[in-house]
Amino acid sequence: MIAKKVSRVSVYTVFLFVFCFIPTFSVNLLAYSEVEKYTLTPDEKNNIDIFSKTNKSVVYVTNTQLQRDRFSLNIYEIPAGAGTGIVWDKSGHIVTNFHVIKNAKKIKITLWDHSSWEAKIVGVAENKDLAVLKIGAPSKLIFPIQPGDSSKLEVGRKVLAIGNPFGLDTTLTVGVVSALDREIEIDRKKIAGLIQTDAAINPGNSGGPLLNSKGYLVGINTVIIGPGGGSAGVGFAIPVNEVKKIVPQLINFGQIMRPIMGIHVLHDSVARRYRIKGAIVLEVLPGSAAEKAGMIGISRDRRDNIFLGDIIVKIDKHTINSQDELLSTLEYYKPGNRIVVETIRGNSKKKLNLTLQQPE
């Protein structure tokens, strides 16, 4: 009889436990799930923090050109393209791609507060696809971006791109560094040392920042490779260390101040037409280092027959296949450096020693 009572008490206790505590546990579990549903992951929080920290440093660049109406002959402005830029310093300098502002008659910069400012071109480096503009906005609207160190990048590192794709306002995309030291061709000009990323870079992102996971600038987005110009997982950016070297020269001089030999060379289109590899020397300037080294340019005889002089094919260990490669190679040197220039003259090779000069 006692055993039966104990059994009934045990069953009653278990029933009370199930009835009273299980619903409470279920409610707590449901509440936890609701909270977890809206909790940010560390990576999401990082993305949001970086965008908040840097979006005021990103600007919208509009390129306007002039066009004549073929019937009325009136000249009017037409939108010719748009892209992105970054605020470089408190003086109002804006860095973007050269191809974004190419042939522009008027350039408009739109800041984070949607105010618009007319920009003037300060300097361009076409071979590097970089340009520096300047606006007269008050300092309270100017938020310069913080440059990082692109030499620290590794394949697999997270990167973020901010831009204005298709004219949409400040859009963020996220990816990784997929390759380093890439070389591509833009408008028949080779640009080397680029960062390759799978962060979506669409038309309009050009000139915008590529950022690391700390929010520092590591590159300037410059080009995409994909069907119809759309992002297909392959985008490229100019390393910030290259940008840091070039931008001060564009601000101070309007161009890259590379050392000179004292020559004029023919455009690469001429060399391609005649299937000539190298930089064709057109003219050697009197009193220049090239003249002192014995370099000669193109000459004519009395019958107007043209004779090629030197074709530069190598500087020290750097092979020269074009005018672009000659200019890029000279950027490795400073005025006063001694170089060995290898040329082809007629059917023979020449090695000329000369000292590079300060650009005038």
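Coordinate-derived values only; no laboratory data. Everything numeric in this text was worked out from a predicted model, so none of it was measured.
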On average, how much area does the Cα convex hull of the stretch 199-346 cover when viewed from any direction, in nm²? 12.9
Residue separation between residue 151 and residue 358 times 0.36 nm, minus their alpha-carbon distance, gives in nm 71.7 nm
Quick one: P(r) of the stretch 135-205 from all Cα-Cα pairs, 5 Å bins, percents rounded to integers, in order of increasing distance. 3, 13, 16, 19, 22, 15, 8, 4, 0
Considering amide H positions built from the backbone, and no H for Pro or chain starts, which residues 5 or more places from residue 210, or on another chain, come under 5 Å of its amide H? 218, 219, 220, 221
Could you work out the relative contact order of the stretch 263-355, using alpha carbon pairs under 8 angstrom and six or more residues apart, expressed as a whole percent? 26
Nearby aspartates and glutamates by direct alpha-carbon distance to residue 351 (threshold 12 angstrom, same-chain neighbours under 8 apart not counted): 310, 316, 342
